[in-house]
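So the structure is just underneath, and the comments pick up after that.
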Amino acid sequence: MTLVRTIRAAAPLAIAVLTIGASASRPNAQTASPPPAENRWTGTASGEARRTGIGAYILPAVGTEPGGPANQSGDVVTSWTARIQLKEGQALSVKDATGNVVGRLVPLVDDGSTITLGISGRMSETNPYGDVAHWDYTGKDVAPEARIVSMGGGAFSGGWVYYSLTGSDPLKDILPNGSYSLLGQPVVFNGFSVRVTRISKGHPDQPHINTMRTGGNGSWVAGYALWTWSRLTPAERASKGFGDEGTSITADGVREALTATAVAMRRITAADPRTFVVASGAMAGSYRFVNDVSTLTATWNITRRVQIDGAITATDPAWRPKMLARTTLTASIPEAVGGTGKFRFTLFDVSREPGTTLNSGRGTGLDLRFADDQPVPMTAATETADGWTIETTSLAASASVSVTALDYGAWGRLKAEVNVDGEWYDCLAPDGKSSVTLPVDADENHIWDTWERNAGLTGHPATEDAEEEPVGGSKGDGFSNYEEYRGFTVHGTWVSTDPRTKDLFIFDEAGMGTGLANQTGLLLYLIEQDEMNSQRVVNFNRGTASAGAQKAIHLKDQGLDPGTLGLTKPRVGTPNQVREVLVDLLQLADETADQALESTIAHEIGHALSIDHHGDWTERSCRLGPKGLYAPWGGVLSGDRGCVMSYSGANYYTSWDGKCYTYTWPQSFGTAFCTTKTGTGLNAGAQHIENGHALPVSGDATYGNCIAQMRLK
Amino acid sequence: MSAALRRSLAGVILLAVAVAVAVAGFWWWRHRTVSPAAGTSLSATQPAQSPLAVRLQISIGAPGDDAVATVRVFNAMARQPESIRAAAPVAADFAAAIFTLETEGAAGAAAAPLPSRVLRLPQPATMSLDAAATATTVLTVAAAALPLVGARVRARVDLGGNTLVSNWVEVVAAGAGVADQLAGRARAQLIREALDDVAQTAEALITAAPRDSRGYFYRGLVLERRGDRAGAIAAYRATLDRLSPGDEPPIGLYERIKRLSR
């Protein structure tokens, strides 16, 4: 995309023409600064020099007039109108004491300006003898013609403009950004006619008339115009002490020249040594000079037209934010445009997620920053309200910048601008936008597109929490897509969790393991104590697009009532509701049945996932005898015998026939979570009596289908 | 006082001093922190980011009792979901390991070592920690050295120069009543596998709180371990008689009775 813009410059200032005795600065190939392609200034200028009476006309228009100046009177006006076309020439980089480029001094060279000069008026003179002479000036001439020249060799002499590239420019007190000078000194030789009428006092009716040729000029100077450097080639400059092979000058050198020039300029008639500054993209101004014999006016309005193609590469699609992960992007002025500039990179809209993952780190600093070591010399990064800025310290056609992530969910935008001669131009991304997102994130939901695509979540909201696997009583696991993407710290290891499968975090305080809880199909992450907060919240560093606080299960070894192997407080609830899951390892150590520990752990974790027993139980015996565990039909022993949520041991049971029986089968522990209510093993089959026992024992479960009950939130 | 008497008295004093020195030396020997000899090479092979995790549990008995600290080391990364699992077992030599307890310092202050003594190392002491294995070490902390209630304690395990740090555990008060205190004492003694002590505490608990089921339960545990099946069954039935209904059926108790009744 080509940008054609008129320059919008800033502030106040001065004019200068430099006679440089600059000290050489450090060589730096990047400071060589050919002009940007065909940057031009075009516009108009006009003015006049009105001279009255004595000394009114400074040129010897009519040779030697009789008498003396004391007897002259009349007005002669030289007017001029110019159509100005200037071209930016070989610029000088201005460097501070550290070698950092702080500005560019750009010469303006005539590139086909035309000017029209005219003269009119009468000058009269009476000598001491009473003789009178009238000089009537008329004429008009247009440059370029051989007879009209200027100090610049064309119709216009030229000028210069200064571009300050940094707020810390040491010349800003005397040379604000956009300071310029224009110098018009067209001269016409013998292009005008003057009709001289001489009237002798003694013969007033016999005037002597003749016609002569004369010349004129349209000099005007805005600012400090000394041009000894502007038309020099770099080699010529180098021979005069300019740095970097004639392409740079020190700020002190500029200051010295300006100071010296200012004095001289104040002595020049037709000059206005004030500070002129490009404003609204134009050199526009006027001045008026008046003394006893002359009134000089000049008005000009000249606009810059620049063509800049700034560009920035797209974000690496393979880059995702991780702690200290860095990526590099490059901004450039395309070769077709040419030239060099100073690049500024801005990180903005940068996220401030608490910590570094959802459950580690503290603080809410900016999640992206510019890397400490940049591919090219840069200034120190400056923090803004929502990001950072950083600038190159040299002029170049392109510059790369590296960005470092400080959070696994870091997000932000990066834009690049290039300053060509005092004006910042956006560098556009391949998609035409003026910034890129970090990481690549087309829908700007703060989730890296590749992660979304791999998860099949493209187009889904960042706040969505809708896992369906494993199936259960509700969708989701309490963590939003963004949170699953940003990830967690698990035993010190960062993990971006699976947004398609429900995740459960467990703090196993006794190192007992999760037993058969993996049979739920959940992804079970064992975290450390400091990877949840004191309220068991795992995503305590939640910020953007959170689905709310989600807690871990706190699995503990604790002495329980005699016979109680595990306990959940409260008895059934979601991870957010169950305060702790208790297992008595000392009691379980004596259990001889297979997988007693693993099944008990899974059973209690099941309660913490809202899964209930298969049915009821009591300790009221259904027959006379010692106290014992009694299982009613469809009660705690019912359903799938292999389910960890069922019980397989009791003292008594009541079967389908309503009668009470002694339970004589050995205890066993389930190894899975059932997916139906249907009874299996002793709970399955036709109703019958076998060896004095009614079978099935407890039949189908009253509740059962434990997986379907499972809820994480 | 006669000279002979004075000589006799001096001899007694000297003997007492000698005994005191010997006792103090023995006490020191018993209570010293177990640590490997200088230059001992440990066999832990875990990488810098150790897959191993450490957990600390502190059991408080009655006031004035030594506390029991249980330190468990396991391979946490072997137990994670497949996406981050590091399944390779980690070899560890706990005989050469250094176990240290430390109390949390005030804000910004370093943790302070807490005197402790290793009572029981994992068996075997050299083991391969896979997803299933957990290495349990039992330490004791003298009552006098125990931090105040509310202080936080953690364990540090140096395995071959690789230092692992446990969770923080808050020191809790002993039970409020005699029954709770004695039950806590019995549990701590059971962890220490001090059956005689457990038996003594169980009887004290039964005497102090005859309606409390726990005294009979601990009596049963001791008798079961000593092979007195009938005595254990009787104790467990006595436990059942005194047991209040809970959220979970006391399946473990019924199964013990069934198991011992076969």
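The values are calculated or read from the model by the stated rules, or taken from the named source; none is laboratory data. These numbers come from a predicted model, not from an experiment. Here the Cβ is made from the backbone with ideal geometry for all residues, glycine too, and neighbour counts use every protein chain on show. Heavy atoms of the whole protein, side chains included, go into the accessibility calculation; ligands, DNA and RNA do not. Shrake-Rupley method; radii C 1.70, N 1.55, O 1.52, S 1.80 Å.
Using a 1.4 angstrom probe on the protein heavy atoms only, could you order A:Trp451, A:Trp633, A:Trp665 from most to least accessible area? Don't skip to the answer; put the middle values down first.
Numbers: A:Trp451 30, A:Trp633 105, A:Trp665 60 Å².
From most accessible down to least: A:Trp633, A:Trp665, A:Trp451.
Using a 1.4 angstrom probe on protein heavy atoms only, the contact between B and A buries about 4200 square angstrom of accessible area, both sides summed.
Let me have the 222 nm mean residue ellipticity of chain A computed from DSSP H runs of 4+ only, each contributing -39500 (n - 2.57), with the sum over all residues rounded to the nearest 500.
Mean residue ellipticity at 222 nm (helix-derived): -2000 deg cm²/dmol.
Exposed loop sites here are GluC sites (Glu not before Pro) in DSSP loop states with at most 14 other C-beta atoms within 10 Å. What is the longest stretch of chain A lacking them? The answer is A:39-334.
Summing +1 for each Lys or Arg and -1 for each Asp or Glu among the other residues whose beta-carbon sits under 9 angstrom from that of A:Val583 gives -2.
Relative to the longest principal axis of the Cα atoms of chain A, helix A:596-607 runs at roughly 60 degrees. Checking Cβ-Cβ separations below 4.7 Å across chain A identifies A:Cys427, A:Cys706 as cysteines lacking any candidate disulfide partner. Accessible area per residue was computed with a 1.4 Å probe on protein heavy atoms; A:Thr437 scores about 20 Å².
Ordered from highest to lowest accessible area with the whole protein assembly present and a 1.4 Å probe, A:Cys622, A:Cys674 read as A:Cys622, A:Cys674. Heavy-atom accessible area for A:Leu406, with the other protein chains in place and a 1.4 Å probe, reaches approximately 40 Å².
For the set A:Lys322/A:Lys551; A:Lys556/B:Lys258; A:Lys95/A:Lys433; A:Lys415/A:Lys502; A:Lys433/A:Lys475, the pairs lying more than 26 angstrom apart at their alpha carbons are A:Lys556/B:Lys258; A:Lys95/A:Lys433; A:Lys415/A:Lys502; A:Lys433/A:Lys475. In a shell of Cβ-Cβ distance under 11 Å around B:Leu260, excluding B:Leu260 itself, what net charge do Lys and Arg (+1) and Asp and Glu (-1) give? Neighbourhood net charge equals +2. Between A:Ala284 and A:Ala279, A:Ile302, the built amide H atoms are under 5 Å apart, and every one of these is 5 or more places off in sequence or on another chain. Rounded to whole numbers, the Karplus 3J(HN,Hα) couplings from phi for the stretch A:668-681 are 9, 10, x, 10, 8, 9, 6, 10, 9, 9, 5, x, 10, x Hz, using 6.51 cos²θ - 1.76 cosθ + 1.60 with θ = phi - 60°, and x at Gly and Pro.
Which of rounded, prolate or oblate describes the stretch A:568-713 when judged by the alpha-carbon gyration tensor and an a/c cut-off of 1.5?
In terms of gyration-tensor shape, prolate.
Pairs of Cα atoms nearer than 8 Å and 6+ residues apart set the relative contact order; for chain A it is 11 percent. Rounded to the nearest 0.05, the FRET efficiency derived from the C-beta distance between A:Val293 and A:Ala325 at R0 = 60 Å is 0.20.
Net charge of the neighbourhood of A:Thr680, taken over other residues with C-beta under 9 Å away and scored Lys/Arg +1, Asp/Glu -1, is 0.
Expressed as a whole percent, the accessible surface of the stretch A:341-471 that belongs to carbon and sulfur atoms is 51, based on a 1.4 Å probe.
Restricting the stretch B:180-262 to GluC sites (Glu not before Pro) that sit in a DSSP loop and have at most 13 other Cβ atoms within 10 Å of their own Cβ leaves B:Glu193. Phi-derived couplings, Karplus 6.51 cos²θ - 1.76 cosθ + 1.60 at θ = phi - 60°, listed residue by residue for the stretch A:177-190: 4, x, 4, 8, 9, 10, 9, x, 9, x, 10, 10, 9, 6 Hz, with x used for Gly and Pro.
Annotation: per residue accessible area for chain A equals 38 Å², rounded to a whole number [probe 1.4 Å, protein chains only]. Averaging 1/r across all pairs of distinct Cα atoms in chain A and inverting the result yields a Kirkwood radius of 33.1 Å.
Taken about its Cα centre, chain A carries a charge dipole of roughly 3160 debye when the Cβ of each Lys and Arg holds +1 and the Cβ of each Asp and Glu holds -1. Over the stretch B:126-177, accessible surface divided per residue gives 41 Å², non-protein components excluded, 1.4 Å probe. Extending 7 Å from Cα along the Cβ direction at B:Asp228 and again at A:Thr211 yields two label points whose distance is 15.1 nm. With both residues required to sit in chain A, DSSP beta bridges show an antiparallel share near 85%.
Excluding same-chain neighbours fewer than eight residues apart, the aspartates and glutamates reachable from A:Lys659 by a Cα-Cα span under 19 Å are A:Asp616, A:Glu619, A:Glu690, A:Asp700.
Measuring heavy-atom accessible area with a 1.4 angstrom probe and counting protein chains only, the residues of the stretch B:176-194 that give up at least 20 Å² relative to the chain alone are B:Arg187, B:Leu190.
For helix A:251-265, what angle does its Cα long axis make with the longest principal axis of chain A, in degrees from 0 to 90 and rounded to 10? With both axes taken from Cα atoms, the answer is about 30 degrees.
Expressed to the nearest 5 percent, the antiparallel share of DSSP beta bridges inside the stretch A:396-482 is 100 percent. The heavy atoms of B:Arg226 present about 120 square angstrom of accessible area, all protein chains included, probe 1.4 Å.
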